[in-house]
1. Anything in segment A:280-327 that is touching an Asp or Glu at 6+ places or on another chain (Cβ under 6 Å) and within 25 Å of A:Ala204 (Cβ to Cβ)? List them, or say none.
2. Would you please name the residue that is modelled with the highest pLDDT, looking only at residues in segment A:158-213 that are surrounded by fewer than 17 Cβ atoms within 10 Å (Cβ to Cβ), of a type in the set (Lys, Arg) and more than 22 Å from A:Cys127 (Cα to Cα)?
3. Pick from A:Arg228, A:Arg191: which is under 28 Å from A:Gln319 (Cα atoms) and basic (Lys, Arg)?
4. Somewhere in segment A:111-120, is a residue closer than 18 Å to A:Ile339 by Cβ, modelled with pLDDT of 95 or more and of a type in the set (A, V, I, L, M, F, W, C)?
5. Of all residues in segment A:67-119, count the ones that are open to solvent by 20 Å² or more (accessible area, probe 1.4 Å), more than 22 Å from B:Gln143 (Cβ to Cβ), outside any helix (DSSP H, G or I) and at the interface with chain B (Cβ under 9 Å from one of its Cβ atoms).
6. Within segment B:50-65, identify whether any single residue is more than 8 Å from every other protein chain (Cβ to nearest Cβ), modelled with pLDDT of 85 or more and more than 23 Å from B:Val241 (Cα to Cα), and answer yes or no.
7. May I ask you to list the residues in segment A:27-51 that are open to solvent by less than 10 Å² (accessible area, probe 1.4 Å) and within 16 Å of A:Tyr97 (Cβ to Cβ)?
8. Of all residues in segment A:284-340, count the ones that are open to solvent by 30 Å² or more (accessible area, probe 1.4 Å), of a type in the set (Val, Ile, Thr) and modelled with pLDDT of 95 or more.
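The values are calculated or read from the model by the stated rules, or taken from the named source; none is laboratory data. Remember, predicted model here, so these are calculated numbers, not experimental data. Note that each Cβ is placed from the backbone with ideal geometry, even for glycine, and that neighbours are counted across all protein chains shown. SASA here: full protein model, heavy atoms, side chains in, ligands and nucleic acids out. Shrake-Rupley method; radii C 1.70, N 1.55, O 1.52, S 1.80 Å.
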2 protein chains.
Amino acid sequence: MSKNRTHTDARITLAHGNGGRLMRELIDEVFAQALGSQLDTRVDAARLPLNAPGSDWLITTDGFTVEPLEFPGGDIGSLAVHGTVNDLAVSGATPRYLSLNVFIEEGLEMAVLERISHSIARACETCGVRILAGDTKVVRHGQGGGLYLATTGIGERRHGVELGIERIQPGDRLIVSGTVGDHGTAVMLAREQFGLSGNLLSDATSVAPITESLLQWPGLRFMRDPTRGGVATVAHDIASVAGATVRLFEKCLPVRKEVRGVCEILGYDPYYLASEGRVVAALSPEVAEPAVEILQRLGFHDACVMGVIEPGPPRVILQTGLGGERILPELEDDPLPRIC
Amino acid sequence: MSKNRTHTDARITLAHGNGGRLMRELIDEVFAQALGSQLDTRVDAARLPLNAPGSDWLITTDGFTVEPLEFPGGDIGSLAVHGTVNDLAVSGATPRYLSLNVFIEEGLEMAVLERISHSIARACETCGVRILAGDTKVVRHGQGGGLYLATTGIGERRHGVELGIERIQPGDRLIVSGTVGDHGTAVMLAREQFGLSGNLLSDATSVAPITESLLQWPGLRFMRDPTRGGVATVAHDIASVAGATVRLFEKCLPVRKEVRGVCEILGYDPYYLASEGRVVAALSPEVAEPAVEILQRLGFHDACVMGVIEPGPPRVILQTGLGGERILPELEDDPLPRIC
């Protein structure tokens, strides 16, 4: 919904769900408008005010509509656990509990549902979370996408952790924990309609080992997992809140050869494609390189400093390998619906 | 999924979502099987173990797929708030917080989404709950039902309240707080395909005033809101857990004339149709009548004692007005998909 919408026949488009500008406007102008001050739409996880002295709980929620339901490296079940657990982890919380909503389309094979249920259980075990509440709805054939899931997660924030996108200042560095766009590309390749195939796996996994490491640094300002909209969209959110320019270095940004190849064929930009097991973090300048070194030693070999916050108008600049500059615009059209 | 399923081509049917036998088997044999002891599938709201001394928090979740999205007496937005708030209320908790998942089908009119968002906000205000976390996904035209919602609710259990279906004993009375099947019938009438119309409103609302009143009685054993599957399905759950016979009195059970008329035309049984603002409660025999009298004085004029738990095999008997008996079987085929 654009600000100059005056006609009454406006309808939802796929671009309202892509994590970019239209989605932000939909949330700000419809949901936040109606729900008033109830909802902080800018955080990955919100404080759960429980009057429980000595503990600090966070809550987050996410919906999952990935197509196909099973893809190389994961499925909608593991994704629904990791996605919500990761939103808690990047907020500095230890994930503890989940609720699970299941919307099944009539005709879904029972065997698929059984595999995905077991995948959910394995992911919960890996992440140390427990499902406390669940609900199942079945919709008619032709009124669903096989299976949609929603998970709400509750986690305990580590004592003394203070993170927030608003804490980022010019001079801060942006790091990324690994290659970008693997998940988006792997899901795309798994869709028959693209007529491509490859050995690429989704990177979907828990980011807790990464966030645990980064939380050691007092200079850590902010973390986010670059899902829908990719690292470019995280950079835009930072530029917008910090009122500053985000400069990303193309020669540092780790992109797998296969991802770059698929993007060239299909005309996509890997910086806008989803990862589901990476972390983008903003750190004060003196700790960015040491933090990356520790991550590399932990096995995150592609971790790197990918950018810097500079004084200047809120925008995202990609400094290309040849020393040129390219503006990365805010995502508008949806390149890849139902990627997560 | 029946217990004797041996073929590998089993698929989900609408009956897996109707609150009856197939749904229970799906939950027990697929989800509970995979998730092991993580999930108590028999409670309306589960304990949220927060290590918060002096407080006792419950969590519940529910998905909403009602068609049409707006119906006389409510819409999917108010339903998504009331449905989850009611699961907390019948568990003896005061609802406090919600998370909200939105799955929008491409093409939904923005004006509809705006009306429903405001309806969500009004319902939250009425119920005294706050939405802390939200997420929006958009799916392609033809892959959704306009709008699906999921809400997870967190509430604080009243001190000293101990309720549970397993506390019900032979001799206990079952009461219902008002007419049954209004919601199911109103939604049905709102669907053009039935070619019927009427002035009936859905009963969808918060049941907190009812549960607050019933919680005063030490003889209160258990409360549930008779949604999918209606009062007959609540009675079956009780019969199954208590290992006893549930006898319902047709001449007491309050059914609106319009509901009975529509059921006669379409061949439905009102005892299986959803209510979204009623409470079924089990109480010890000596307090059932006084509890009903108080409810009537509070304005719930149709509240009544509708049944009794008897020693005997687990089954549900309807004692008809003429003194005969009819077995009410466990719901199997789905009479009304997408009713909530």
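1. Correct list: A:Ala282 only.
2. Ranking the qualifying residues of segment A:158-213, first place goes to A:Arg167.
3. Numbers: A:Arg191 fails: under 28 Å from A:Gln319 (Cα atoms).
When all the criteria are applied, what remains is A:Arg228.
4. The answer is yes; a qualifying residue exists.
5. Going through segment A:67-119 one residue at a time, the tally reaches 2.
6. yes
7. Result: A:Leu48, A:Leu50.
8. Qualifying residue count, segment A:284-340: 2.
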